[in-house]
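The values are calculated or read from the model by the stated rules, or taken from the named source; none is laboratory data. Keep in mind that this is a model prediction, so the values were computed, not measured. All Cβ positions, glycine included, derive from the backbone under ideal geometry; neighbour counts span all protein chains shown.
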Amino acid sequence: MFCGIVAGEVPAFGVGSTDDCVAFLDTRPVFKGHTLVIPRQHLVVLSDLPASALPGYFGFVQAVDRAVQSALEAGGSFVAINNRVSQSVAHLHTHVVPRTKGDGLRGFFWPRTKYASDDEARDYAKRVGAAL
Ligand SMILES: [Zn+2]
């Protein structure tokens, strides 16, 4: 499914990309603006990522983290990777979630919300992308 997004065959609200990585909105965000960063290469878990790819991948995760926080005026962020357990898509992805003090987050990924419309999602993707 994420390989389909990389190939442009599956629609996504894209935030930005590099030669090696793609960032797009999670369609069931913990908070609006919740972005996923994936390697273009099909890798399943973090331990599959070659050491040579670490700077490129996590450098982009860091840039997306900055963009999410600045674009959405978040007080902070939550950045995480599920490996196999609780990993809903078997393609390595890092969650970048905007946080605000007192935002009501109960568990790391619960409860989830929804975008009111595709237009709203597009607007969030554009705002974060513009700050990237
Ligand atoms: Zn894949």
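Observations
- Residue check for G102: away from the ligand (no atom under 16 Å from the Cβ), closer than 18 Å to V15 by Cβ and surrounded by fewer than 19 Cβ atoms within 10 Å (Cβ to Cβ): no
- Taking (1) within 16 Å of the ligand (Cβ to nearest atom); (2) over 22 Å from F109 (Cβ atoms); (3) among the small types (G, A, S); (4) buried (at least 19 other Cβ atoms within 10 Å of the Cβ) in turn, G16 satisfies each apart from (1).
- Residue within the range 77-99 that is touching a Lys or Arg at 6+ places or on another chain (Cβ under 6 Å), closer than 19 Å to V37 by Cβ and buried (at least 17 other Cβ atoms within 10 Å of the Cβ) present: yes
- Single condition S70 does not satisfy, out of (1) out of contact with any helix residue (DSSP H, G or I) (no Cβ under 8 Å at 6 or more places or on another chain); (2) more than 18 Å from A12 (Cα to Cα); (3) of a type in the set (S, T, Y): (1)
- Close contacts from the range 78-91, counting a first residue that is over 18 Å from C3 (Cβ atoms) and at pLDDT 95 or above and a second that is more than 14 Å from the ligand (Cβ to nearest atom) and among the acidic types (D, E), with Cβ to Cβ under 9 Å and a gap of 6+ residues or different chains, come to V79/D65.
- Summed over the range 57-67, residues that are over 15 Å from S17 (Cβ atoms) and in contact (Cβ under 8 Å) with a residue 60 or more places away in the chain total 1.
- Residues that are under 16 Å from Q87 (Cβ atoms) and buried (at least 20 other Cβ atoms within 10 Å of the Cβ), drawn from the range 35-51: L36, V37, I38, P39
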